[in-house]
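Chemist: What follows is a structure written as structure tokens; I'll ask about it next.
Laboratory data are not the source of any read-out in this text; all were calculated from the coordinates shown. Every value quoted in this text rests on a predicted model; they were computed, and no experiment measured them. Here the Cβ is made from the backbone with ideal geometry for all residues, glycine too, and neighbour counts use every protein chain on show.
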Number of protein chains: 4
Amino acid sequence: MKGNEALAYGALISGLNAYFAYPITPSSEIPETLAREFGSPEHPEFRAYLQTSSEVEAINMVIGAASTGARTMTATSGPGFSLMQEGLSYAAAMELPFIVVDVNRAGPGLGNLGPEQSDYFQATKGGGHGGYRNIVLAPNSVQEMASFPSLGFSLAFKHRNPVVILADAFLGQIKEDIEFPEILPDQLETSWATTGATPERRHLLLSLHLDFEDQASHTEQLGRKYAKIEKTEARSEEYMTEDAEIVLVSYGIASRLCRHVTNQMRSAGTKVGLFRPITLSPFPSGPLRNLADDGKKFIVVELNMGQMLEDVRVAVEDSTRVGFANRLGGLLPSSKEIAEKVETMRIGN
Amino acid sequence: MKGNEALAYGALISGLNAYFAYPITPSSEIPETLAREFGSPEHPEFRAYLQTSSEVEAINMVIGAASTGARTMTATSGPGFSLMQEGLSYAAAMELPFIVVDVNRAGPGLGNLGPEQSDYFQATKGGGHGGYRNIVLAPNSVQEMASFPSLGFSLAFKHRNPVVILADAFLGQIKEDIEFPEILPDQLETSWATTGATPERRHLLLSLHLDFEDQASHTEQLGRKYAKIEKTEARSEEYMTEDAEIVLVSYGIASRLCRHVTNQMRSAGTKVGLFRPITLSPFPSGPLRNLADDGKKFIVVELNMGQMLEDVRVAVEDSTRVGFANRLGGLLPSSKEIAEKVETMRIGN
Amino acid sequence: MKGNEALAYGALISGLNAYFAYPITPSSEIPETLAREFGSPEHPEFRAYLQTSSEVEAINMVIGAASTGARTMTATSGPGFSLMQEGLSYAAAMELPFIVVDVNRAGPGLGNLGPEQSDYFQATKGGGHGGYRNIVLAPNSVQEMASFPSLGFSLAFKHRNPVVILADAFLGQIKEDIEFPEILPDQLETSWATTGATPERRHLLLSLHLDFEDQASHTEQLGRKYAKIEKTEARSEEYMTEDAEIVLVSYGIASRLCRHVTNQMRSAGTKVGLFRPITLSPFPSGPLRNLADDGKKFIVVELNMGQMLEDVRVAVEDSTRVGFANRLGGLLPSSKEIAEKVETMRIGN
Amino acid sequence: MKGNEALAYGALISGLNAYFAYPITPSSEIPETLAREFGSPEHPEFRAYLQTSSEVEAINMVIGAASTGARTMTATSGPGFSLMQEGLSYAAAMELPFIVVDVNRAGPGLGNLGPEQSDYFQATKGGGHGGYRNIVLAPNSVQEMASFPSLGFSLAFKHRNPVVILADAFLGQIKEDIEFPEILPDQLETSWATTGATPERRHLLLSLHLDFEDQASHTEQLGRKYAKIEKTEARSEEYMTEDAEIVLVSYGIASRLCRHVTNQMRSAGTKVGLFRPITLSPFPSGPLRNLADDGKKFIVVELNMGQMLEDVRVAVEDSTRVGFANRLGGLLPSSKEIAEKVETMRIGN
């Protein structure tokens, strides 16, 4: 099964109620799969599927549906993700739980359909205005493409916060065997949802706080929520880091290449390991700092000009021990290139 | 003269040719002033002024005008800036020179009209897709509001890169005396501009690079440009930093408060100083690192939940020496709050 | 049951599959009723309900759904109906069957919510470009509001032509008892529909005919269809016309007033009758001409400045025998006003 | 000079201040010519030229500019004209003077670029809601394409009413020598215009009349205006009608063909004449009725399925004396076809 298809089925298994999006390669198998499944008696709870006239419309429909407590998802690629930034800021302020899938393509502007990781900043630092934070999940296998919608809805509803699944053109297209995740419980916490005006008008979701103190206390509350998420939800995976001199830091499709390099170099006796952030936001600084405290060196391998690199530098606090390897334009660095960087840094030790 | 008015006149003096925007408080005096001046015989080169039907349309008209080599500007606030992120990514890829003014308001979503600095990440890290970089200028006086359009056009055309002037609701509204800057030369470098199809079709501005190698070399070229900008265009201002134990790091309206605190505490004998980034992107890491090398401590004072803080941490590489003070929602911290942070950190020494 | 509600239920009973509209008074009870019923197990075939972002979008979604053979409806009032005119022209060219409900409000522009009949020309002559013809039904009771969706779908699919139900603010709001019509057969003729690309690509719905001969033969074919509809589908109702000297000609809400006047004047011995067009397009010229051949006189009673009046004049071919009574702005003429017109014309005999 | 170019220059000579449109063949030479002339010192009063993002936007910008008393024009073809119908209804209600050029193409929907006259109903009966009336001018030569903008602005401002110039693909493209019309006076009546809020707020242009009596008196006033226009502004041209047995009734490009047929048949001794409506709305019923009173017969020659035909029937009141000849799809009938119709009708006499 292709990664994009796995993600679509993963969303259905997680009880997806509504999907609004404008199709864009390399994410198109997601709407295609969902369109095929829409109306099937197997998914009675999948009640709304709409191809909107633009991504601006899509994110605003997501906001509308999510406001009712529905499990809502949209999927796009870079240009569409950019058009959603205003909506994402509103959604963050209204604390709405939903999933946005960004299947990263290459380059600013139109670019091309190749795999890049250049939307890292946009997803993790917030491409919209006002200093909010998304939860960002970075799958690196078709299995995780299938599982992360479930994890995403679970985190989104737990924290009332948008979740971004940041995939790439490669992950969307490769085929691997998968096991489907356990289904989510029927009931997630939606007591805050607006499900119809009542005499008491108990629920109001808004992002307007004209009074400065009111806005301040709202933003501070968001801040406390983000701090709690940072403390409790950061996820990462380590591979042969314990005795490693050099730790590759990499996520998504690049992390698979790095695992391959790790295996190769280990066979040759070089003490390399791999640290893979699974959540890009919150960034797993803690375990990375622990590795840094052991005196290890790091090479960040990203398919961009250096974005996660900054988060690694903040965690490691010693730029002399942080190297960088990348490729752009939809290309991947070769194992050899990475191995050479490792050797150079090791010798430099 | 109000800051927003000063900025509008500053743009006219710099030879503004075209302005496309959708008005939004707290930036509204900019379009109001330009509308009043449009058609005046004093500004014959100011040939296009249009209130567009949305910010998506505005940024795309900016792209169109800038493609012809015209000096083009738009102004907005957070929600509109978010809607421009797709266009900004395209513009970065096409290497178009123009100015976007973002008069930051408070909060994600609608928020309120108070001064905040919560669009820092969006402006400096790139709220759009694809890992490009804006040049970001942060005025802290009405004088700089008047001067930065000239500086902005100069940098934009020198590097063929969008320039963001990141102001705030406070700077837009305060009144101060100003001197107008010298006018820009009549001719900026526009040999790349598309000014009509010719048999040779010499000029083509595009952001589509279907071939991976082609996209890679395009992005690498952008990367070299950003590196050059980082090396040559970072600007900052230091105040009483030489013998300071504690250096406040602050920009925009917050930096004026910090200067006041510095003066107050110096009178009382405390060795405080102020480091003010003038360009937020490129971030003036170099001089900040020099101060860090002297063993100084830092307190970042921002009107957000901690954004420039990350750039400071990357530069200082020692989080134990980087403190943080902020206020949210359109409010400013009191001098006393900042002074107390300084004292706490000093004693903690 | 209100007229608008009756219409909504009438559509559901007729097997409505899809509804796309932007709500506008005085038609709002239609989307409200349909929204309430959407998702109910009683209407499993009602698969799509969408509040679009504008009426331009609504009509284009109607075109999309109708192209698949789905029973599709939209409802609006004057301003929205105007925005749909481009789409209606395309739909006419593609020969798509669907229902548009126009609950006529008063006045050009925004006007007000009162009952008028000023969209008669727009509906019957075609407000869009290119000289196509809609089938236009004019209900004059809540019972007909309930029955005409069924009649409308039946005519629409029989002739592959858009059907307009032209109601008014009064009919939409009054409450009367109704009996629901028999349900439509499960299968209407949809062999022309586009239900997925196939190797043979048998079905193509388009409105582009670059070749002049091709366009000519396409339009001629439409012309033959319109002629056939004119011959076979014109519907009207006569009341006490046989021995009448003066025949009121009136449709919709105005016809109910005219029936009341007829009854009143008959009681007083005046030989008045009522001719009510049920289809406004095709206009029932034949029976009207028969009455004219008997030497009768006519008074057209309309809530506009004189639109059906032209069709009556074309049929009667003697303007000295065609009088006119009207009221505007959402007002109705009084029985007395109409009775006086009758007396004046009768005496004028 | 091409007809479209002549029209553009005719508008400039008439003091055009503002042009807003989305380009569409076969009207594209109009915006092309105006774009070339925009900014020229010869037309200092031509202050706004904008290619809008759609025709909906274009007509609303026309409304905005016309509200200030500016001489405003837009040009389009059928599909764009349809998108303008909502705006035209609002403009009629607000009684705004401006010119819309519709260069009629063939067919409903996309159709093709051939000359047709199928937008007759849409232009003359009002394609928008609410029963308003446009003034509609039908040029039949490049000379009239050049002169009618001047006539159009003159009529528009005299009656505060939108004017449609209904041309066709043929007229837009043919080349003929022309003389430019006299320029319009500098000052047209614009005392009603909204040129800035004042303490007294004297001018308000609106189309909302919530009170029924208020709307009624507004519409009645429009009705009186339309009646006055009908009485004073109907224009037509007669050619050899005096002793004609058969009168061809034709406008626009078709009328030129009819003149040719008239000349041919006159040479052969047949008593044929030509009646050409110059204003299609108001329709010149009076002179046509006079010809009918003389017992003449008529053949309507139109490039549609029979639209002006209805206005001729209303005027003549004897369908046995009204014949019809047409061609569709962008084709013209041959002289021979028309001559045969004439012979058939003459013999039928």
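Chemist: Order of C:91-99, A:117-125, C:213-221, B:269-277 by packing, highest average Cβ count within 10 Å first?
Modeler: The packing order, highest mean first, is A:117-125, C:91-99, B:269-277, C:213-221.
Chemist: At 7 angstrom along the Cα-to-beta-carbon line, where would the label on D:T232 sit relative to the other copies? Give the distances in nm, shortest first.
Modeler: So the distances to the same position in the other copies read 5.1, 7.0, 7.9 nm.
Chemist: Something else about it: Across segment A:139-154, in residue order, what do the Karplus-derived ³J(HN,Hα) couplings come to in whole Hz, using 6.51 cos²θ - 1.76 cosθ + 1.60 with θ = phi - 60° and x for Gly and Pro?
Modeler: x, 10, 8, 5, 4, 6, 4, 6, 8, 6, x, 5, 4, x, 4, 4
Chemist: Taking the label point 7 Å from Cα in the Cβ direction, how far apart in nm is B:R36 from each other copy of itself, listed shortest first?
Modeler: Listed shortest first, these distances are 4.0, 5.5, 6.3 nm.
Chemist: When the Cα atoms of segment B:183-321 are enclosed in a convex hull and the volume is divided per residue, what value in Å³ results?
Modeler: Residue-normalised Cα hull volume stands at 188 Å³.
Chemist: Classify segment A:114-172: rounded, prolate or oblate, from the alpha-carbon gyration tensor (a ≥ b ≥ c, eigenvalue square roots; a/c under 1.5 rounded; otherwise prolate if a/b is larger than b/c)?
Modeler: Because a/c hits 1.5 or more and a/b fails to exceed b/c, segment A:114-172 counts as oblate.
Chemist: OK, next. Let me have the relative contact order for chain C, percent, based on Cα pairs under 8 Å that are six or more residues apart.
Modeler: Details: 728 pairs, mean separation 61.2, N = 349.
Averaging sequence separation for qualifying contacts and normalising by length gives 18 percent for chain C.
Chemist: Find every distance from the label point of C:Q187 to the corresponding label point in the other copies (7 Å from Cα along Cα→Cβ) and write them in nm, one decimal, shortest first.
Modeler: Shortest to longest, the spacings are 4.7, 7.6, 7.8 nm.
Chemist: Here is a follow-up. I need the phi-derived Karplus couplings for segment C:164-173: 6.51 cos²θ - 1.76 cosθ + 1.60, θ = phi - 60°, integer Hz, Gly and Pro marked x.
Modeler: Taking θ as phi minus 60°, the curve returns 9, 9, 9, 9, 9, 4, 6, 4, x, 9 Hz for segment C:164-173.
Chemist: Would you mind ranking B:T25, B:T344, D:T241, C:T76 by Cβ crowding within 10 Å, fewest neighbours first?
Modeler: B:T344, B:T25, D:T241, C:T76
Chemist: Summing +1 for each Lys or Arg and -1 for each Asp or Glu, what net charge is found among the other residues whose Cβ lies under 14 Å from the Cβ of C:S40?
Modeler: 0
Chemist: Name the aspartates and glutamates eligible as straight-distance cross-link partners of A:K271: C-alpha to C-alpha under 18 Å, and not fewer than 8 places from it in the same chain.
Modeler: A:E237, A:E238, A:E242, A:D243, A:E245, A:D293, A:D294, A:E337, A:E340, A:E343
Chemist: Now for a different question. Applying a 10 Å radius around every beta-carbon, put A:30-37, A:322-329, C:286-293 in order of their mean neighbour count, most first.
Modeler: A:322-329, A:30-37, C:286-293
Chemist: So what's the back-of-envelope 222 nm ellipticity for the protein assembly as shown, counting only DSSP H runs of four-plus at -39500 (n - 2.57) apiece and dividing by all residues, rounded to 500?
Modeler: Result for the protein assembly as shown: -12500 deg cm²/dmol, rounded to the nearest 500.
Chemist: With r as the distance between the Cβ atoms of B:S335 and D:S191 and R0 = 35 Å, compute the FRET efficiency 1/(1 + (r/R0)^6) and round to 0.05.
Modeler: 0.05
Chemist: Give the average, rounded to an integer, of partner chain Cβ atoms located within 10 angstrom of each Cβ in A:305-313.
Modeler: Values: counts 10, 3, 3, 0, 1, 5, 2, 1, 5.
Mean inter-chain Cβ contacts per residue within 10 Å come to 3.
Chemist: Based on Cβ point charges of +1 for Lys and Arg and -1 for Asp and Glu, what charge dipole magnitude is obtained for chain C about its Cα centre, in debye rounded to the nearest 20?
Modeler: About 420 debye.
Chemist: How many angstrom lie between the Cα centre of segment A:261-294 and the Cα centre of segment B:204-227?
Modeler: With segment A:261-294 and segment B:204-227 each reduced to a Cα centre, they are spaced 30 Å.
Chemist: Same structure, new question: I'd like the mean, over residues of D:221-234, of how many other protein chain beta carbons sit within 10 Å of each residue's own Cβ. Could the numbers behind the result be given before it?
Modeler: Working: counts 0, 4, 5, 0, 0, 2, 1, 0, 0, 0, 0, 0, 0, 0.
That average works out to 1.
Chemist: By its C-alpha gyration tensor, with a ≥ b ≥ c as the square roots of the eigenvalues, how is the protein assembly as shown shaped: rounded for a/c under 1.5, else prolate for a/b larger than b/c, else oblate?
Modeler: Prolate, since a/c reaches 1.5 and a/b exceeds b/c.
Chemist: Fewest to most neighbouring Cβ within 10 Å: what's the order for C:E116, D:E230, D:E179, B:E343?
Modeler: Going from least to most buried by this count: D:E179, B:E343, D:E230, C:E116.
Chemist: Return the long-range amide H neighbours of B:D168 (sequence gap of 5 or more, or a different chain), with a cut-off of under 5 Å between placed amide H atoms.
Modeler: Here B:N104 satisfy the definition.
Chemist: Take every Cα pair under 8 Å in segment B:1-122 that's 6+ residues apart, average their separations, divide by the length, and report that relative contact order as a whole percent.
Modeler: The normalised contact order for segment B:1-122 reaches 26 percent.
Chemist: Then there's this: Got a sec? How would A:S334, C:S89, D:S255 order by Cβ neighbour count within 10 Å, fewest to most?
Modeler: Ascending Cβ contact count within 10 Å gives the list A:S334, D:S255, C:S89.
Chemist: When you look at the Cβ of every residue in D:117-126, what mean number of other chain Cβ atoms sits within 10 Å?
Modeler: Partner-chain Cβ atoms within 10 Å, mean over residues of D:117-126: 6.
Chemist: Report the antiparallel proportion of the DSSP beta bridges in the protein assembly as shown as a percent, rounded to a multiple of 5.
Modeler: 20
Chemist: Pop out the ³J(HN,Hα) list for segment A:307-316 in order, Karplus 6.51 cos²θ - 1.76 cosθ + 1.60 with θ = phi - 60°, rounded to Hz; leave Gly and Pro as x.
Modeler: Result, rounded to whole Hz: 10, 4, 2, 5, 5, 5, 4, 4, 6, 7.
Chemist: With the Cα gyration tensor of chain A giving a ≥ b ≥ c as the square roots of its eigenvalues, does the rule (a/c under 1.5 for rounded; else a/b larger than b/c for prolate; else oblate) give rounded, prolate or oblate? Could the numbers behind the result be given before it?
Modeler: Numbers: a/c = 2.04, a/b = 1.53, b/c = 1.34.
Judged from the Cα gyration tensor, chain A comes out prolate (a/c at least 1.5, a/b above b/c).
Chemist: Please report the spacing between the Cα centers of segment D:1-49 and segment A:70-137 in Å, no decimals.
Modeler: Comparing the Cα centres of segment D:1-49 and segment A:70-137, I get a distance of 43 Å.
Chemist: I would also like to ask the following. Take the residue pairs D:K125/D:K228; A:K231/A:K341; A:K158/A:K225 and return only those whose Cα atoms are more than 22 Å apart.
Modeler: Among D:K125/D:K228; A:K231/A:K341; A:K158/A:K225, the Cα-Cα distance tops 22 Å for A:K231/A:K341.
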